[in-house]
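The structure appears below as structure tokens.
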Amino acid sequence: MIPRLELRSITKSYPGTVANDAVSLSILPGEIHAVLGENGAGKSTLMKIIYGAAQADSGEIYCDGRRIEAHNPAISRSLGIEMVYQHFALFESVSVVENIALAVKGTFDLGRLATEIEALSARYGMPIDPHRRVHDLSVGERQRVEIVRCLLQSPKLLILDEPTSVLTPQAVVKLFGTLRQLASEGCSIVYISHKLDEVQELCDTATVLRNGKVTGTAKPKESTSLELARMMVGSQLPEMHVSPSAPSAKPLLEVRGLSAPARDKYGTELTDVSLEVHGGEIVGLAGVSGNGQAELIALLSGERTHPRAETILIGGRPSGHLSAGERRKLGMAFVPEERLGRGAVPPHALWENAVLTAHRAGLVRNALVDRRRAGDFARRVIERFKVKANGPQASAQSLSGGNLQKFIVGRELTLEPKILLVSQPTWGVDVGAAAFIRQTLVDLSRAGAAVLVVSEELDELFEICDRLLVISNGRVSPPLIRKQTNREEIGLLMTRVGHGETRRTEVALED
Amino acid sequence: MDLFVAIFTGTIIAATPLIFAALGELVVEKSGVLNLGLEGMMLMGAAFAFWAVIAGLPMPVAIAAGALAGAATSLLFGALALTFLTNQYAAGLALAIFGSGVSAFLGRGFGSTPIDALKRVHVPFLSDIPVVGPMFFRFDPMVYLAIAMFGLITWFLYRTKGGLILRTIGESPETSHAIGYPVIRIRYLAVLFGGLMAGLAGAYLSVAYTPLWVENMTAGKGWISLALVVFATWRPLRVLIGAWLFGGMTILQLQGQALGIAVPSELLSALPYLATIIVLVIISQNRQLLTLHFPASLAKPFRAAS
């Protein structure tokens, strides 16, 4: 059989790194093919090259046996290659149907297109309302839009980049159903992921990348997770050590009957939230994004204050009215979800980013930054947390997502917090770095700190948390002991109230 | 009644250059590009249109010359901001200064004689209806062209695929590039269109509004047009209303001066600027709508990834 897509020794270098080094792979019609690898292994670059969004330095691409000479996304689409990005390529200010209209050929007839979208999305079991504005959609719904947009082109090859990182377990099951249906109709699928269990469940073949090179191909259904993981990481995977917790008598962080209005029209109102985090334990907050996590995190970190001080107690002290800086003085540290822009300033050097929160640790003297100490601090973080970076002078944006996350977590941990808030600690982070970050969180808690982890990845929460909370529609469930609950129970709680009530759809034609 | 008709027609006429300039700038900004050089492009348009008239060219050709002069000037900005990725604020400000300098230089040979202004239309029967005739059917053709441009731009932005592409490039050029749209080319077209409209605005000033060459005759109308776009929250209808508001205040203060109101005329002259901004600030208080219509990539340089 002629492969749907064939890559022959694709090589691509960026200044300082070789992203892809003589990568070859071949995908048959109707095959679900996994591309496995850590962050920075070159998966995303390879996908961009396949799709034509980036050009290879050397190597050849064949589609249905014919060589693609000059490549770009328009050519890809004419060949039937479609891509669902990890960070969705959707415009927020316009409606679903308008977004899709931008990507399809043919006459500009929004009414007819909307009907097609409804029919197609129903056929593949992913209902969406074509007239809602993308801004109002949850992440899962946005992904559906992306997929439907691709399906409207009747693709021959569909590329999905980390598609399940933000979905509930139930939504993942649905997505897999859709993908299998597609493959059975002859569409080839390239599935980029670092989640081994998913690859094993879904994919026929897997190509494993490490440092830009192919380290092996495998039949995931016949290989063990360990074999695949070793191909990815190259060495023995670090094993998690979760020793039993010894929670402190009194909670270090306590929330009592916290209610707060939504941040804006698209936010979620918090209703009577209560929770406790003791020293020595990790508490996980599960939930599909957009259910009030952003509001709760902002109120806990002090980014937003609350008029009633006694709703939030830090070490027993009423702190609802305190600013982020004042809360940090009480021993709280915070790792936000957005690494670039909130956790770090993208164009600034790592040592400068260290000063942002670590100025309390003696990096500032007489109101002036002590550059040498700041540099030393950054260097210590880089060494201790094995951050792959060109030293403290490297800019934050030059690091891969996983490495920057290690740096930010490392920066906060070096401050030896009594309470640590972490949001999506391993989002888009590769297996090795994720395991490392999780282990550091466990170690911190076992040393006596209170750790609150907000995450959409249930596997992660189940791996490290002692107790679990579920947030849904601005309400937080009573705590569940991790050992006495399971994924299904949590998954049901996550969707209990349903996320996001139907909002009024506004027409873009204001004028 | 005559006074009312005079104020009404005066308002419409005074608003016309602002409508051209601000609507053009709206299209530019909707594509994510901020061209602060309106004043310069308008002055170039004004100078070239005026020059064409005194060179004996027919009026439509003169107006076209003004429009093309504006477009050519905008190309300079386009090259700096889009090809060489210069800071757009700096490039726009430079353009404003450049246009005002070059137009003043060109204008040294224009003398101070007035020219025959653009003729007003006369529609048989319609123009002769009392009150209604002078209010609606006796303007010069460019007044109608401005209103037509408003309809055309609104239709283009919100009803056509081209408009959708333009608006979404303004939100995220990276995404547009990723789905295969030529971001830079489209932004060039938007900038050129903005220049064309600013050129028309300038031409209107020198051949219709005050058919006389005066150095820096735009007198800040380019800047007020820029403000109009922002405070109108990037919506064509509000631009139109804002322009009329400004025109109305201009005429009212002239009437006030004529009636000899005991307020210094400089203060009265400042009134339209002040009033327009105050009103627009008040109506742009709804942050939700603001974020919805604001082109998120405004003034951020875009370089296609390779």
Expected vector for the range A:293-305, Karplus 3J(HN,Hα) from phi with 6.51, -1.76, 1.60 and θ = phi - 60°, integer Hz, x for Gly and Pro, equals 4, 4, 5, 5, 4, 5, 6, 6, 6, x, 4, 10, 9
The answer for A:Cys187, listing residues at least 5 apart or on another chain whose modeled amide H is closer than 5 Å to its amide H, is A:Gly30
With the dipole of the range A:5-233 defined by +1 on each Lys or Arg Cβ and -1 on each Asp or Glu Cβ, the option from A:Ser223, A:Ala119, A:His135 whose Cα lies farthest towards the positive pole is A:Ser223
Of B:Gly248, B:Gly101, B:Gly180, the most mobile residue in a GNM of chain B (C-alpha springs, cutoff 10 Å) is B:Gly180
Filtered hits (lysines, Cα-Cα < 18 Å from B:Lys300, offset >= 8 within chain) -> B:Lys30
Checking B:Phe77, B:Phe125, B:Phe110 against a Gaussian network model of chain B (alpha-carbon springs below 10 Å), the top fluctuating residue turns out to be B:Phe125
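Which value, in debye to the nearest 20, describes the size of the charge dipole of chain A about its Cα centre when Lys and Arg Cβ atoms bear +1, Asp and Glu Cβ atoms bear -1, and nothing else is charged?
Numbers: 60 positive and 60 negative charges, 272 e Å.
The calculation lands at about 1300 debye.
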The alpha-carbon center of the range B:189-225 and that of the range A:183-248 are separated, in whole Å, by 63
For the range B:100-234, the Cα convex hull volume per residue in Å³ comes to 158
Only helices counted: for chain B, with every DSSP H run of 4 or more residues adding -39500 (n - 2.57) and the sum spread over all residues, [θ] at 222 nm is -22500 deg cm²/dmol
A:Lys250 and B:Phe105 label points (each 7 Å along its Cα→Cβ direction) are spaced in nm at 7.7
Semi-axes a, b, c in Å (a largest) for chain B, each sqrt of 5 times a Cα gyration tensor eigenvalue, come to 32, 23, 19
Rounded to the nearest 10 degrees, the helix A:139-151 long axis (Cα) sits at an angle to the longest Cα principal axis of chain A of 10
For chain A, the longest principal axis of the Cα atoms and the Cα long axis of helix A:110-123 enclose an angle in degrees, to the nearest 10, of 80
Taking R0 as 45 Å and r as the Cβ-Cβ distance between A:His359 and A:Asp21, the FRET efficiency 1/(1 + (r/R0)^6), rounded to the nearest 0.05, comes to 0.65
Restricting to lysines and to Cα separations under 26 Å from A:Lys418, and discarding same-chain partners fewer than 8 apart, the set is A:Lys250, A:Lys329, A:Lys386, A:Lys406, A:Lys483
Quick calc, the range A:5-233, dipole around Cα centre from Cβ unit charges on Lys, Arg (+) and Asp, Glu (-), nearest 20 debye, gives 180
Computed on Cα atoms only, the convex hull of the protein assembly as shown has an orientation-averaged projected area in nm² of 41.4
Cα-based Rg then Dmax for the range A:251-510, in Å, read 18.5, 57
Here the FRET efficiency for A:Asp197 versus B:Ala304, based on Cβ atoms and R0 = 30 Å and rounded to 0.05, is 0.20
From DSSP H assignment alone, runs of 4+ in chain A each adding -39500 (n - 2.57), the sum over residues rounded to the nearest 500 puts [θ] at 222 nm at -9500 deg cm²/dmol
With Cα springs under 10 Å, the Gaussian network model of chain B assigns the largest mean-square fluctuation among B:Val214, B:Val143, B:Val27 to B:Val214
Each label sits 7 Å from Cα toward the beta-carbon; between B:Phe84 and B:Ala296 the label points are separated, in nm, by 3.1
For the range A:242-255, in residue order, the Karplus 3J(HN,Hα) values (coefficients 6.51, -1.76, 1.60; θ = phi - 60°; whole Hz; Gly and Pro = x) are 10, 7, x, 8, 10, x, 5, 5, 10, x, 7, 10, 9, 10
In order over the range A:203-217: 3J(HN,Hα) from phi, Karplus 6.51/-1.76/1.60, θ = phi - 60°, whole Hz, x for each Gly or Pro, gives 9, 7, 9, 9, 10, 9, 10, 9, 6, x, 10, 6, 9, x, 10
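On a full-extension model of 0.36 nm per residue, what is the gain between A:Val139 and A:Ser154, subtracting their alpha-carbon distance, rounded to one decimal in nm? List each step's numbers first, then the result.
Details: separation 15, 0.36 × 15 = 5.40 nm, distance 2.34 nm.
Value of the extension gain: 3.1 nm.
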Using alpha carbon centers only, the range B:27-56 is separated from the range A:140-158 by a whole-angstrom value of 44
Non-local residues with an amide H under 5 Å from the amide H of A:Ala450, with H modelled 1.01 Å from N and Pro and chain starts lacking one, are A:Gly280, A:Ile419, A:Leu420
For the table A:Lys43/A:Lys221; A:Lys48/A:Lys213; A:Lys174/B:Lys161, the rows whose alpha-carbon distance is greater than 26 Å are A:Lys174/B:Lys161
Spelling it out for A:Leu36: with amide H atoms placed in the peptide plane at 1.01 Å from N, the residues 5 or more places away or on another chain with amide H under 5 Å from its amide H are A:Thr207, A:Val208, A:Leu209
Label model pair A:Ser323, A:Thr11: point-to-point distance (7 angstrom along the Cα→beta-carbon line) in nm is 5.4
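Kirkwood Rh over alpha-carbon pairs of the range B:180-254, then Stokes-Einstein at 20 °C and 1.002 mPa s: what D in µm² s⁻¹, rounded to an integer? It would help to have the intermediate numbers written out before the result.
On the way: Rh = 14.2 Å.
D, rounded to a whole number, is 151 µm²/s.
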Expected unfolding gain across A:Lys174-A:Ala119 under the 0.36 nm per residue rule, minus the alpha-carbon gap, is 18.1 nm
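Bear in mind that the values in this text are calculations on the coordinates, not laboratory data. Treat the numbers as computed from the prediction; the structure is a model and nothing was measured. All Cβ positions, glycine included, derive from the backbone under ideal geometry; neighbour counts span all protein chains shown.
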